[in-house]
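Worksheet: one structure, shown below.
The values are calculated or read from the model by the stated rules, or taken from the named source; none is laboratory data. Everything numeric in this text was worked out from a predicted model, so none of it was measured. Note that we place each Cβ from the backbone using ideal geometry, even for glycine, and neighbour counts take in every protein chain shown. For the accessible areas, the whole protein counts, side chains as well, though only heavy atoms, and no ligand, DNA or RNA atoms are used. Shrake-Rupley method; radii C 1.70, N 1.55, O 1.52, S 1.80 Å.
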Amino acid sequence: MIYNNNQLQEYLKNDWILTMLKEEENEINKDFRSHIWLTEMDNKRMIYADIYGEYLKDKSDTRILDVGGGFSSLTSVLLRNCDYTLIDFFAHDEKEKIEKVKQQYNKDFLSDREWSAEIPEDYDVVIANDIFPDVDQRMEMFIDTYLPHCKEMKLLLTFYNKPQWYLTRRTDDTELLTFLSWDGEITALKLRKYLDRMDIDETELEEMKNTQESIYRNGRQVAYVKLKGDL
């Protein structure tokens, strides 16, 4: 499913994520970049409601791995309601704030290591929200690594159908690289081999190639895909 502005307007008739964000806000979580983004951006709240909504509303024994999910006041709800593990670099937040969070919860739910450095465990649900393929082009590697270790995988995919590139520098050298974002054609091509596991069909994959009205100012296309895991 590719998100559009009609869906956003429908969600905003009952913006319950914003209400919960404010109810759960405290001195520790309110300054995290993910919390600020969710508070300020209605498109992110709509997507968050789709991906995490069932775990925010009800308690369960669901074991969740969230890769790159960030930390916000809603993370507190996920920790209360589920067996929740978060992997995140926290590239936008200070290390001291992360340590305060660990002390507050006194629970080993947080890893700031690279996802590929983790030894996969078994989960009910694996989530990657706005990571692949624009931030991390190793989408296939991630899917192949974690599908054997989950019942369900939820991917919020971001790509550009108008050329978008970044000038980057290698962390292990001074070499400058030009990083070209994936478009919908490449994203669909990489997903096609998982078609029998996905909740979308061939027609919806083909639709990724078409430039549609974006819910983001920078024009990126946003698609939500669920895959059936091996467990």
Test: residue 98 is of a type in the set (Val, Ile, Thr), surrounded by fewer than 17 Cβ atoms within 10 Å (Cβ to Cβ) and in contact with a Phe, Trp or Tyr (Cβ under 9 Å, 6 or more places away or on another chain)
yes
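For the range 104-222, which fully contained strands (runs of 3 or more DSSP E) count at least 3 residues that are open to solvent by 20 Å² or more (accessible area, probe 1.4 Å)?
Answer list for the range 104-222: 123-133, 165-169, 176-180.
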Where a residue in the range 98-123 is of a type in the set (Ser, Thr, Tyr) and its partner, wherever it lies, is open to solvent by less than 40 Å² (accessible area, probe 1.4 Å), with Cβ under 7 Å and at least six apart:
105/79; 111/87; 123/64; 123/65; 123/150
Could you say whether any residue in the range 155-170 is within 21 Å of residue 62 (Cβ to Cβ) and in contact (Cβ under 8 Å) with a residue 12 or more places away in the chain?
yes
Return the pairs, sorted by first residue and then second, in which the second residue is open to solvent by 50 Å² or more (accessible area, probe 1.4 Å), the first residue lies in the range 130-143 and is of a type outside the set (A, V, I, L, M, F, W, C), the beta carbons are less than 7 Å apart, and the residues are 6+ apart or on different chains.
140/190
Can you pull out the residues in the range 75-95 that are loosely packed, with under 14 Cβ neighbours inside 10 Å and at pLDDT 90 or above?
80
Quick one: which helices (runs of 4 or more DSSP H) sit completely within the range 1-70 and have at least 3 residues that are open to solvent by less than 30 Å² (accessible area, probe 1.4 Å)?
33-40, 42-57
